[in-house]
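Below: the structure, in structure tokens.
Computed from the coordinates by the stated procedures, all read-outs in this text should not be read as laboratory data. Because the structure is a prediction, the values reported are computed rather than measured.
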Amino acid sequence: MKKLAGLSALLFASAVLWAAEPYWTPYAFKGTEHFKYTLTQKDPDGTLTTGSYVIDIQKQDDRYRIHFEGKFGDNEGSFTTTAEDPEEIGGMLMFQTMMNPWLAPLTATLFAQFYGTFAFSAVTLGNWAVGTTGKFKDDQGNTVEYAIPEECSYAGQTGRHLVVKINGQPKYELCVAKGIALPLYQKMVDDEGGYIELQLVEYSE
């Protein structure tokens with residue numbers, strides 16, 4: 001996937017949307033969660049690759065045990081690790097992806113050091129009130145629009161839907177629910193029209 005156009009603008013838009021108490025905090029695991037996602041990746045040439053992932057979290061004393069099972073195209077496997085801080089998971093997955101290519105979509109989305117730790121932290125400020133909108137131009141002249149147009153529901157969980165457009169083109173979508181540590185839905189569109197889309201289909205805690 002190519003880098004998103006105007007990603008710095010996206011992050012700025014997200015950061016200035018709200019202040020004060022966060023609606024959603026990424027990676028704030030309870031230690032009992034089960035997630036299952038479906039994934040679709042479309043390359044700029046139109047090639048579609050699908051996959052699915054199960055993520056199970058267990059709290060063990062002051063550490064988290066994280067188990068992944070997944071399939072992406074012709075690649076599949078499983079991987080288990082432990083971490084004191086869930087924000088370390090992205091770095092662990094980046095190393096594992098070299099040996100386990102089926103992990104690549106998770107490394108680039110849910111647990112990305114850049115998208116996950118920084119971008120998610122930026123967009124979590126405030127209450128995510130439905131109806132919130134904004135528009136501005138970044139320092140490169142791109143027009144950035146952001147909105148919380150509606151609620152969203154996946155796997156029986158209801159959250160808020162963030163949409164970001166750059167120069168009129170949808171570039172980023174996110175659905176998050178209060179108290180759930182990973183997104184219910186995430187879509188990132190690159191400069192050439194390819195995208196990665198993740199949708200939560202099972203959740204329990």
Open item on the list: Run the reach check for Lys30 against lysines, Cα to Cα strictly under 16 Å, same-chain hits fewer than 8 apart removed. What comes back?
Closed with: Lys59, Lys178
Open item on the list: What lysines does Lys71 reach when the alpha-carbon gap must be under 18 Å and sequence neighbours fewer than 8 apart in one chain are set aside?
Closed with: Lys36, Lys42
